[in-house]
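Visitor: Questions regarding the structure given below will be posed in turn.
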Amino acid sequence: MFDKSTYLNRRKSLQNKGLNGVGLILGNGESPMSYSDNTYHFRQDSSFLYFFGLDFPGLAGVIDFDSGKDYIFGNDVDIEDIIWMGPQVPLKENAKKVGVSNTAAFSKIFDFISSAIQQGRKVHFLPPYRGDNKMLLEKLLGISSLRIQDYASLQFVKSVIDIRSIKEPEEIIEIEKACATGYEMHVVAMKMAQPGMWEQKIAGTIEGIAIAGGGMTSFPIILSQHGETLHNHSHSQILEEGNLMLTDAGAESLLHYASDFTRTVPVGGKFTQKQREIYEIVLAANDRGQELTKPGATYLSVHLAAAEVIASGLKDLGLMKGDVKEAVRSGAHAMFFPHGLGHMMGLDVHDMEDLGQIHVGYDDEIRPVDQFGTAYLRLGRKLQPGFVITNEPGIYFIPSLIDKWQNEKINNEFINFDKVNEYRNFGGIRLEDDILVTETGSKLIGERIPITPDEIEETVSK
Ligand code: GLY
Ligand code: MN
Ligand code: MN
């Protein structure tokens, strides 16, 4: 964990947000896989990690905004636990490491919250995403677990987002570590991208690299010759010469900060002419995205500029037609680029998505766009120094989407469907880097994973 001053400062920032009452941040419990003692790898809640730092199950943190006191509720182990788990540090000692001096058994949280409610104090909590925490909140607050999300505190959510959005220097160092592991994962995947190789073998090998790095993957690995399926978690196919392999994968650092990279490579190491042409467009969109990423720019405008690079490149190849700006205004690019350019990244790969994307990525000035494609943009608002974001343009040929648009004549005036149909089996290309917004512009985090077509060909062939 970080030094205790980090957690004290973070909770102080929360105290300074002008909230009244108490803020409740639940940690995560163990999550059973097939019976209760056979659990998935434990992952602490990110907001709990951020403000209370302790990385084990069965904890809840409370910040009393009126008295200024902090509390951690949790249970010390008993002799039976010690027999199975070995000696454990008492909660009191652990809490001291994150600057919290008030601790109590977990069951005491019921008394604490019910007394706060009886005194008419507001209990702020964040939207729960795990079933057991929804049930716990139902018991604590008397609100149905089915509707508990609706009662999460917007003021608390916005305060937490405000603080977590700006990454501290020590967080950047953690993200750099996650990126270094991500680099290794991707280069190994590239070298393994040979005809006859089972996709699963590559996915398993690079997952092993993430685990060997001390953390785990930051999300389930996407690795497929069907890159046109955006979140393709099936790794069942054997690699064939002539296909593209898209790998979207990242690692968590020891302190659970994420990386998130995508590279697309030709199986066997040689791009066809067609593949190289589309690849160059995605790379140009990626470069343009980074160039425009700077404080004060809205990420919506960066997204649309990358979309213009894509539309313009596809027009040069004869796949699109008409005025490029008009095509993007009409959303015609989204048949090829149907997702957003990027998202915040930090303790979560889609940082703070549990708190509500609308609050993380948008504000009163920049509202979500209700147009196919851009509607999936997770981050639209003005960039600030200290934001960490991903930059991940792509071009995909999704046969069902092509058929639908062609049949319904959607954006007919901007798309040459005859030409597009020559690419039906192309698959997809996405190129994703992780970027820090600096005072004056932006910079890539970590060494750039091979990305030019020549670098890719060389790495796969080596
Ligand atoms: N890993 C999913 C994404 O790139 O957003
Ligand atoms: Mn990704
Ligand atoms: Mn991403």
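What follows is calculated from the coordinates using simple rules that are stated; it is not laboratory data. The shown structure was predicted, so the numbers you read here are calculated from the model rather than taken from an experiment. As a convention, Cβ positions derive from the backbone with ideal geometry for all residues, glycine included, and neighbour counts pool all protein chains shown.
Visitor: How high is the relative contact order of the stretch 311-462, in percent, counting Cα pairs under 8 Å that sit 6 or more residues apart? Write down the numbers at each step before the final one.
Guide: Values: 221 pairs, mean separation 38.6, N = 152.
Once divided by the residue count of the stretch 311-462, the mean separation gives 25 percent.
Visitor: Then there is this: Mind checking which of P338, P266, V302 is farthest towards the positive end of the stretch 265-368's charge dipole, using Cβ charges of +1 (Lys, Arg) and -1 (Asp, Glu) about the Cα centre?
Guide: Result: P266, furthest along the dipole toward the positive end.
Visitor: Report the one residue of L154, L136, F110 whose Cα lies farthest in the direction of the positive end of the charge dipole of the stretch 100-159 (charges on C-beta: Lys and Arg +1, Asp and Glu -1; origin at the Cα centre).
Guide: L154
Visitor: Hey, what did the chain get for relative contact order, percent, Cα under 8 Å, at least 6 apart?
Guide: Computed value for the chain: 14 percent relative contact order.
Visitor: If you place +1 on the Cβ of every Lys and Arg, -1 on the Cβ of every Asp and Glu, and leave all else neutral, what size is the dipole of the stretch 87-222 about its Cα centre, to the nearest 20 Debye?
Guide: 480 debye
Visitor: Which shape class, rounded, prolate or oblate, goes with the stretch 1-49 when its Cα gyration tensor gives a ≥ b ≥ c as root eigenvalues, a/c under 1.5 marks rounded, and past that a/b bigger than b/c marks prolate?
Guide: It comes out oblate by the Cα gyration axes.
Visitor: Counting Lys and Arg as +1 and Asp and Glu as -1, each charge on the Cβ, what is the dipole of the chain about the Cα centre in debye, to the nearest 20? If you can, show how the numbers build up before the last one.
Guide: On the way: 45 positive and 63 negative charges, 187 e Å.
Charge dipole of the chain: 900 debye, to the nearest 20.
Visitor: What is the log10 of I(q)/I(0) for the chain, computed with the Debye formula using one identical point scatterer on each Cα and no solvent, at q = 0.10 Å⁻¹?
Guide: With no solvent term, the Cα-only Debye profile gives -0.79.
Visitor: Which whole-number percent gives the relative contact order of the stretch 262-343, counting Cα pairs below 8 Å spaced six or more residues apart? Mind dumping the intermediate values first?
Guide: Values: 50 pairs, mean separation 20.5, N = 82.
Answer for the stretch 262-343 is 25 percent.
Visitor: Something else: Once you sort the root eigenvalues of the Cα gyration tensor of the stretch 74-171 as a ≥ b ≥ c, which label holds: rounded (a/c under 1.5), prolate (a/b larger than b/c) or oblate (the other case)?
Guide: On the way: a/c = 1.84, a/b = 1.27, b/c = 1.45.
Oblate is the answer for the stretch 74-171, as a/c is 1.5 or above yet b/c matches or exceeds a/b.
Visitor: Residue farthest toward the positive end of the dipole of the stretch 180-245, with Cβ of Lys/Arg at +1 and Asp/Glu at -1: which of T229, N243, M197?
Guide: The listed residue farthest towards the positive side: M197.
Visitor: Taking GluC sites (Glu not before Pro) as candidate sites, keep only those in a DSSP loop with at most 12 other Cβ atoms within 10 Å, then name the longest stretch of the chain containing none of them.
Guide: With a cap of 12 other Cβ atoms within 10 Å, the longest stretch comes to 1-240.
Visitor: Over the Cα atoms of the stretch 103-156, what radius of gyration and what Dmax do you get, in Å?
Guide: 11.2, 30
Visitor: So, one more: Against the empirical 2.2 N^0.38 Å scaling, what ratio does the C-alpha Rg of the stretch 1-155 come to? Intermediate values should be presented prior to the final figure.
Guide: Working: Rg = 15.6 Å, N = 155, 2.2 N^0.38 = 15.0 Å.
Here the Cα radius of gyration is 1.04 times the empirical estimate.
Visitor: Test of understanding: ordering S236, S153, S13 by Cβ neighbours within 10 Å, fewest first, what list do you get?
Guide: Details: S236 8, S153 19, S13 16.
Taking fewest neighbouring Cβ atoms as first place, the list is S236, S13, S153.
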